[in-house]
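Following: one structure in structure tokens, then a few remarks.
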Amino acid sequence: MESFPASVPARELFIYLGALISLASGIGLLVPRLATIAARLLLSTLLLWLLLFRLPNFLHEPLFAACWTVFPLAVILAAAWVLYVSFTADWDRKHLSFVSSNNGLRIARVLYGLSLIFFGMAHFLALLVTTPLVPNWLPAHLFWAYFTGSTFIGAGVAVLIGLLCTIDSSPLRHANGLFLLLVWIPIVAAGSKVPFQWSETILNTALLAAAWVIADSYRNTLWLAANNR
């Protein structure tokens with residue numbers, strides 16, 4: 001979990017609690033007997049985090065800052081929701097059927113698609129921030145900034161209208177992977193001690209994993225999901 005609002009009482013306690021929940025959920029997802037509990041805990045925590053600490057300030061911040069504050073968390077939340085649906089147990093189907101069934105899966109995908117669109121918009125709104133991140137050996141930095149933003153927007157629209165890419169050809173998965181490989185890994189491998197660069201590397205890794213989870217949810221699904229759900 002990224003930066004915690006400074007105005008919240010007992011801020012350090014929440015930071016440690018968030019780190020503990022993330023660690024416990026990550027370990028739990030690797031243990032089959034604990035995967036359902038871990039997915040349930042992760043989903044509920046991320047949802048509360050978004051509703052209580054991110055959305056309230058969304059309308060009061062500049063659009064770029066608002067997008068970067070809310071939608072990375074929304075992408076991870078969407079992936080956690082898909083994991084929860086895939087690991088759902090009988091108790092969840094009985095008491096939380098709306099969020100643990102195909103309805104929950106649809107909501108997760110819509111949340112993911114909307115988040116991608118705002119991600120793409122953020123690239124266009126902050127070209128002065130995005131362009132310097134393009135590796136020096138690539139020509140036409142401005143083109144790549146526009147191309148990346150357009151890719152996010154196109155992928156988001158595709159998710160929303162049900163025009164899917166399979167896990168083997170997901171443009172977003174490849175875009176996130178290339179961004180991590182070409183931008184952030186070289187920066188931290190060069191010995192960067194800047195906390196922001198390390199946090200962005202970890203965040204981009206999480207976003208790549210989220211893209212993979214969402215893409216995998218379409219496994220064995222035809223290209224036009226709207227005709228099959």
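The values are calculated or read from the model by the stated rules, or taken from the named source; none is laboratory data. Remember, it's a predicted structure, so these values are computed and weren't measured experimentally. Note: ideal-geometry Cβ built from the backbone for every residue, glycine included; neighbour counts use all protein chains shown. Areas reflect the complete protein model, heavy atoms only, side chains present, ligands, DNA and RNA absent. Shrake-Rupley method; radii C 1.70, N 1.55, O 1.52, S 1.80 Å.
If we scan the stretch 157-176, do we find a residue that is at pLDDT 80 or above, closer than 19 Å to residue 77 by Cβ and surrounded by 13 or more Cβ atoms within 10 Å (Cβ to Cβ)? The answer is yes; a qualifying residue exists. Of the set (1) under 21 Å from residue 154 (Cα atoms); (2) at pLDDT 75 or above; (3) surrounded by 17 or more Cβ atoms within 10 Å (Cβ to Cβ), all apply to residue 201 but (1). Against the criterion of being closer than 19 Å to residue 212 by Cα, modelled with pLDDT of 90 or more, surrounded by 19 or more Cβ atoms within 10 Å (Cβ to Cβ) and among the β-branched types (Val, Ile, Thr), residue 107 does not qualify. Candidates are the residues of the stretch 128-145 that are open to solvent by less than 40 Å² (accessible area, probe 1.4 Å) and of a type in the set (A, V, I, L, M); the one that is modelled with the highest pLDDT is 145.
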